[in-house]
Each structure stands twice: as structure tokens, then as C-alpha cells.
1. From ARG110, ARG64, which residue is open to solvent by 60 Å² or more (accessible area, probe 1.4 Å) and more than 21 Å from the chain's Cα centre (by Cα)?
2. Taking into account only those residues within segment 206-263 that are over 21 Å from the mean Cα position of the chain (by Cα) and farther than 30 Å from LYS349 by Cβ, which is most open to solvent (accessible area, probe 1.4 Å)?
3. Only one residue in ARG212, ARG192, ARG235 is of a type in the set (Lys, Arg), outside any strand (DSSP E or B) and within 13 Å of LEU323 (Cα to Cα). Which one?
4. Within segment 89-97, identify whether any single residue is touching a residue at least 60 places away in the same chain (Cβ under 8 Å) and open to solvent by less than 40 Å² (accessible area, probe 1.4 Å), and answer yes or no.
5. Is it the case that some residue within segment 139-160 is part of a helix (DSSP H, G or I) and of a type in the set (Gly, Ala, Ser)?
6. What number of residues within segment 238-293 are hydrophobic (A, V, I, L, M, F, W, C) and closer than 29 Å to ILE191 by Cβ?
7. Restricting attention to segment 195-207, does a residue exist that is within 15 Å of the ligand (Cβ to nearest atom), outside any loop (DSSP other than H, G, I, E, B), touching a residue at least 60 places away in the same chain (Cβ under 8 Å) and within 21 Å of SER298 (Cβ to Cβ)?
8. (1) away from the ligand (no atom under 13 Å from the Cβ); (2) of a type in the set (S, T, N, Q); (3) buried (at least 20 other Cβ atoms within 10 Å of the Cβ): which one isn't true of ASN155, the others all being true?
Amino acid sequence: MNRRRFVKMSAATALALRTRTASLFGEQPVKPMRILILGGTGFTGPYQVQYALSRGHKVTTFNRGKTHPGESPKEAEQLIGDRNGNLDALKGRQWDVVIDNPTMLPAWVRDAAQILKGNVGRYVFISTISVYGEVKSGPDETAPTEKYEGADPYNETIEAVKAGGYKNYGSLKALSEKEAEESFPGKTLVIRPGLIVGPRDETDRFTYWPVRIHRGGEVLAPGSPSDPVQFIDARDLAEWTIRMAENRETGIFNATGPGKSLGIGGMLDEIKNALKSDAAFTWVAEDFLTRQKVEAWSDMPVWTGKESGLARAKINRALGKGLTFRPLGETARDTLDWFESLPQERRSKLKAGLTPERETEVLAAWKKQKL
Ligand SMILES: NC(=O)c1ccc[n+]([C@@H]2O[C@H](COP(=O)([O-])OP(=O)(O)OC[C@H]3O[C@@H](n4cnc5c(N)ncnc54)[C@H](OP(=O)(O)O)[C@@H]3O)[C@@H](O)[C@H]2O)c1
């Protein structure tokens, strides 16, 4: 059994055990639902599928069959189509709830709604904390969302958004949320996740840290240990999304973690302890990193600097509705296990963070200017 399969199987066993334990301890039995997951084969989708199946729901996914083909569990029905103009497979079908994962275009919500209206009980739209744009203080769900600055949001394409460096990502998500609420008034649940992390994350934005800390030695740490960070394990998000759907929740919820405020120093220490690493952190001042053109978020992932409000989002509403978090150490270990199960070619260059050479260079420059 390869490592990847092992990680997948352990997750499935843990889910099954957890569900059994829940019923032993007298949690309400869950009423089975028919759930349509638009997407379902990328990062968070498979965790939603797994968890929903483990709780006795009937699951259908809808996607192009391009991402991780052949990996969907056989207990889930897979419909093939394309959000760009081929929704035929959704016609004439009924579901209790739809979870819309991949959408950032309001036209995708509008077109899906034209077919699904009257045939589904509720619509769950997975949005993003980026709807708030660059904020200074931590937004709650009533904070203003970004204004769209393009020509026509209904003529946007995914390719155009990518080519524009995702400048309109937050505002298009906000417009998609609005489209969902207008199409399914009073029946829409909007979930706004922060940075999603854990096994299956192809962006390496959190993965950089477990991988780097596991390598050990002197590690460049950004800014000050108390600079706030927020993120959520994809499995915690996926499982909570399903429970929110079961509870017929509606409204808007920020969904990130951890439950109590955490600094980048606490995050790095927890990862180091979980991985039993000998890493030693050298804290490099934010203004020095700026002068060295070391960017928050992309070069120093998860970290957004001292002033950003993005890592201070208010999550009281979600906590009040049962959002829970597994220990960070578990996320770190599972992420590293998953990453190490990937082919060597994929592992040879992380998609976020500093290369070893650049890290050494910046650390040397930092020490030199301190002499
Ligand atoms: N990653 C983060 O840190 C983060 C943070 C905040 C919010 N979010 C939001 O969280 C959501 C996460 O999505 P995910 O990737 O985890 O979901 P997912 O459901 O696991 O994967 C995306 C799915 O969309 C399908 N898809 C893509 N293009 C399609 C098309 N044209 N027609 C039909 N299906 C299509 C893909 O399959 P095919 O390719 O086979 O079609 C895949 O199944 C996104 O809305 C994202 O904006 C992410």
C-alpha cells in the first residue's frame, strides 16, 4: 500500500469511527439527504464527499471529469458536464441541498440556478474571506465587500480572472454570493473560508512550513512571532459544511481558524513540535523582508504581516454553529505525509515559499546588516 492510499484509508477509517462514536454517545441520528456537490474532486470536495457518505447521505458530484479522474468513491454518483455551457446532466433531477465549490463567476451561479431552481431545497455557496479585500481590521460578516472593477461581471471567464492576477476574485465571489441569494432567497448558506490547508492542497501555501521545518536547521521566520495567522484544515471545513447543510443553516459565515488567536511564532513552534524537528527559527524584521523583496503570503506563506486584517477575521458566528478544529500538529503531520507520497518531480519545487538558496541568501544579508 503506498503512502497516499494509506493516508486516504486512515482518514476514511477515522471518519467511520467518529460517526460510530457519535451515535454511541447519543448524538442525534442524521436524516439522510440527497446532496449534489458541484465540483467534488479537487481539494475540499473529496473530504465533503467522504464525510457525507460516512453520515449516510446520498452524494452526487458534477464536474468535467478532468481533476483526479477515477478517484471518486464508487458509492457517489458522478455526473459529467461543464459549468461553461453544458449543464444537461443536472436537468430533471432533485436534491435536498447543493454545495457549489468551484464558482467565482456569477454567471455560473445564474446558469446552474436556472436548472436547479424548484428542484433543490437549499444552496450552499463556498465563497472566500477575500470578499473583504485588503482590510486593516478583522472583518465580521457585516463588513463591506469589494467592489467589482471590470467591465461586465457576467462576461468574465476563469481565464480572464487568472490572467488579471485574480484582482477581481473577491468582488466576483461577492457578486456570486448575491446571485445565489437572489436565486434561492432565504435558502442560501454562504461560507467564507480563510486559507484552506492540509493534505491535497496543491498550492503549497501552508505545506511549505511542515516541509521546511522537517528539513531542519536554521529556518527564516517572518516578522514577529506575534503576527497573527489564520487558516483552516480542509477536513474541518468540509465536515462542518456538511453538518451546516444537515442543520438547514442559512446566512453568511466566515470560516477560518484556529479557535483562539494564534501568532506565526506559535504556529511554527507547534509544527516543529509535531514533527520533532531540530529547526531553529531566525526572526527577520518585516521592513527588512520588504527591502529584500520577500513577499508576505507568497514567499512567506500563511503570514500576512503585522498590519493586515485578513488574518484577524471574526469567526464567532461559525464557532456558535459548531465549527471545530483538529490539532495543528495533526494537520502538519498529515500534510507532510501526503506531500511525501507525491512523485519526486512534484516535490522537487514547492509552489510557495522561498527556495533553499534564496532563504540562505536572505538570512546571510540579515546577519550582515545586524553586525
Ligand atoms: N484554497 C484556499 O485556500 C481557499 C480559500 C478560500 C476560499 N476558497 C474557495 O474554496 C473553494 C474550494 O474549492 P475546491 O477546489 O476545494 O473544490 P473541489 O470541489 O474539491 O474541486 C473543484 C472542482 O471543480 C470542478 N470544476 C472545475 N472547473 C469546472 C467546470 N468548468 N465545470 C464543472 N466542474 C468544474 C473540478 O473538476 P474538473 O476539473 O474535473 O471539472 C473539481 O471537481 C473554491 O470556491 C475557492 O474559491 C479556497
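1. Just a single option satisfies the conditions, and that option is ARG110.
2. So, considering only residues that are over 21 Å from the mean Cα position of the chain (by Cα) and farther than 30 Å from LYS349 by Cβ, the one most open to solvent (accessible area, probe 1.4 Å) is ARG248.
3. ARG235
4. Scanning segment 89-97 turns up at least one residue that is touching a residue at least 60 places away in the same chain (Cβ under 8 Å) and open to solvent by less than 40 Å² (accessible area, probe 1.4 Å).
5. yes
6. Counting residues in segment 238-293 that are hydrophobic (A, V, I, L, M, F, W, C) and closer than 29 Å to ILE191 by Cβ gives 14.
7. yes
8. Result: ASN155 fails condition (3) only.
The values are calculated or read from the model by the stated rules, or taken from the named source; none is laboratory data. What you are looking at is a predicted structure, and each value in this text was computed from that prediction instead of being measured. Methodologically, a virtual Cβ is constructed for each residue, glycine included, from the backbone with ideal geometry; neighbour enumeration extends over all protein chains shown. Areas reflect the complete protein model, heavy atoms only, side chains present, ligands, DNA and RNA absent. Shrake-Rupley method; radii C 1.70, N 1.55, O 1.52, S 1.80 Å.
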